[in-house]
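**Student:** Before I ask anything, here is the structure I am working with.
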Amino acid sequence: MSYTFPVTRNPNPKPKPDPNGLAFGKQFTDHMFVMDYDEGQGWHDGKIVPYGDILISPASSVLHYAQMMFEGMKAYKTEDGHIQLFRPEMNARRLNRTNERICMPPMDEELFVSAVKATVKEDADWVPDAPFTSLYIRPFIIADDPALGVKSAQHYRFMIILCPSGPYYAENRGKLSTTRIFVEDEYIRAAHGGTGYAKVGGNYAGSLRASQKAHECGCNDVLWLDAIEHKYIEEVGSSNAFFMIGDEVVTAPLAGTILPGITRDSVLTLLKEWGVPHSERKVSIDEVIDAAKKGELKEAFASGTAAVISPMGLLHYLGEEYTINNREVGALSQKIYDTITGIQTGKIPDTRGWVQRVV
Ligand SMILES: Cc1ncc(COP(=O)(O)O)c(C=O)c1O
């Protein structure tokens, strides 16, 4: 089924920001997508309208019980001026897994992808092309019943907003460099049976205290450990985590507590194709620290839509600091970064059907 949406053009388009000074997620484009869901009617009346504030009841369920979800993806400009998305059907699939977990209605995957494409197309001239920049796409759904009972809502709003964005970590402005990562040994992000695998706002609210601790220690982000033993690696901030110990690249398995990253899946695919030994297995922080002490922790990196491939240069754990690869970007991290961004921006041919063109 193909979808089209009416467009109300913004009569007051904003000046475009300087592509070389873009931060992450702070400036928004001229348009946004809005669509309602009502029980009995399903998703209806999707449309593109001028970007702006929305009116919401103070009793709206999302404001009280956080029944909401979001996705994160990007649009990239190619050298010959096309705009493309990276594996958007995977975001649609993940959206439905999240929705199922928090009792939100499912959405036809094609409806989701069509809405994203139509919105990006409308603001195509906002997609920046400077190195390390892209158009970040934030689809989200909020429960919107004006009622205080704790139950799933009957009315929802789906929206897509867009922001021209620079690097997620300021360290990566101009060139790929390494981050400092705080290993959190007190707070946890997700437990088995919880919402760790779902992209819900509450997961991120619960992470803020640890981020604050990380920043107090001069670190960029948090490496989470498991909820039971505070021992096994989970993920980093809003990315998945990979460690190269000896010749093996390891990452935590998808066991319900970490987000199944689309970048993670892409990295695993590349490692497999390249014949790099790798496994999805439980990795304890002791194993990582021991490897760092013995000089066997060759590389570590975070993978995510926002962070792309962000090599880690230092781990801060229980008051001690452990450097990785002399705080330099490792060869494998660089190769994965170059390959993924190359495919996203059309410099490397897409042989896996990962890219979808918008215009
Ligand atoms: C908690 C968390 N883990 C991992 C990821 C990486 O997922 P993806 O590669 O799909 O962006 C994200 C970002 O969406 C995230 O928020």
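**Student:** Taking the Cβ of residue 10 as the center, what net charge do the other residues with Cβ under 10 Å away carry, scoring Lys and Arg +1 and Asp and Glu -1? Write down the numbers at each step before the final one.
**Tutor:** Values: positive: 9, 14; negative: 30, 122, 123.
The answer is -1.
**Student:** Which of the GluC sites (Glu not before Pro) across the range 224-325 are loop residues per DSSP, with 10 or fewer other Cβ within 10 Å?
**Tutor:** Working: sites: 229, 234, 235, 248, 273, 280, 287, 296, 299, 320, 321; in loops: 229, 296.
Listed in order of number, the matching sites are 229.
**Student:** Tabulate in residue order the Karplus-calculated ³J(HN,Hα) for the range 103-115, using 6.51 cos²θ - 1.76 cosθ + 1.60 with θ = phi - 60°, rounded to whole Hz; enter x for Gly and Pro.
**Tutor:** Result, ordered by residue: 6, 9, x, x, 10, 4, 4, 5, 4, 4, 5, 5, 5 Hz.
**Student:** Is the shape of the range 157-271 best called rounded, prolate or oblate, per the rule: a/c under 1.5 gives rounded, else a/b larger than b/c gives prolate, else oblate, with a ≥ b ≥ c the square roots of the Cα gyration tensor eigenvalues?
**Tutor:** Details: a/c = 1.14, a/b = 1.05, b/c = 1.09.
It is rounded, given that a/c, with a ≥ b ≥ c, falls under 1.5.
**Student:** Something else about it: In whole angstrom, how far apart do the alpha carbon centroids of the range 290-335 and the range 118-177 sit?
**Tutor:** 28
**Student:** For the pairs 231/294; 117/175; 16/151; 26/231, flag any whose C-alpha to C-alpha distance is greater than 31 Å.
**Tutor:** Values: 231/294 19 Å; 117/175 29 Å; 16/151 42 Å; 26/231 35 Å.
Pairs exceeding 31 Å: 16/151; 26/231.
**Student:** Using θ = phi - 60° and the Karplus form 6.51 cos²θ - 1.76 cosθ + 1.60, what ³J(HN,Hα) does each residue of the range 198-204 get, whole Hz, x for Gly and Pro?
**Tutor:** 9, 9, 10, x, x, 4, 7
**Student:** While we're on this one: Calculate the length of the line joining the C-alpha centroid of the range 250-287 to that of the range 44-93, in whole Å.
**Tutor:** Centre-to-centre distance over Cα atoms comes out at 27 Å.
**Student:** Same structure again: Counting only helical runs of four or more DSSP H residues, what would the 222 nm mean residue ellipticity of the chain come to if each run contributes -39,500 (n - 2.57) and the total is spread over all its residues?
**Tutor:** Numbers: 8 runs with 84 residues, N = 359.
That comes out to -7000 deg cm²/dmol.
**Student:** Turning to a different aspect of this structure: Grab the other residues whose beta carbon is less than 9 angstrom from that of residue 262, score K and R as +1, D and E as -1, and report the net.
**Tutor:** Working: positive: 87, 94, 264; negative: 265.
Neighbourhood net charge equals +2.
**Student:** If you don't mind, there's one more thing I want to ask. Nearest 0.05, what FRET efficiency do residue 348 and residue 231 give at R0 = 30 Å with Cβ-Cβ as r?
**Tutor:** Numbers: r = 38 Å, r/R0 = 1.28.
Efficiency at R0 = 30 Å is approximately 0.20.
**Student:** Right, another one. Report, by chain and number, residues whose modeled amide H sits under 5 Å from the one on residue 249, excluding near sequence neighbours (fewer than 5 apart, same chain).
**Tutor:** Amide H neighbours of residue 249: 278, 279.
**Student:** With charges only on Cβ, +1 for K and R and -1 for D and E, what is the dipole size of the range 172-344 about its Cα centre, in debye, rounded to 20?
**Tutor:** On the way: 17 positive and 23 negative charges, 97 e Å.
Charge dipole of the range 172-344: 460 debye, to the nearest 20.
**Student:** So if the hydrodynamic radius of the range 35-144 is defined as the Kirkwood radius over C-alpha pairs, what does Stokes-Einstein give as its diffusion coefficient at 10 °C and 1.306 mPa s, in µm² per second? Please list the in-between numbers first.
**Tutor:** On the way: Rh = 15.5 Å.
D, rounded to a whole number, is 103 µm²/s.
**Student:** Right, next: Report, by chain and number, residues whose modeled amide H sits under 5 Å from the one on residue 74, excluding near sequence neighbours (fewer than 5 apart, same chain).
**Tutor:** 86, 137
None of the figures in this text is laboratory data; all of them are computed from the coordinates on show. Remember, predicted model here, so these are calculated numbers, not experimental data. Counting neighbours? That spans all protein chains shown, and the Cβs are built from the backbone with ideal geometry, glycine included.
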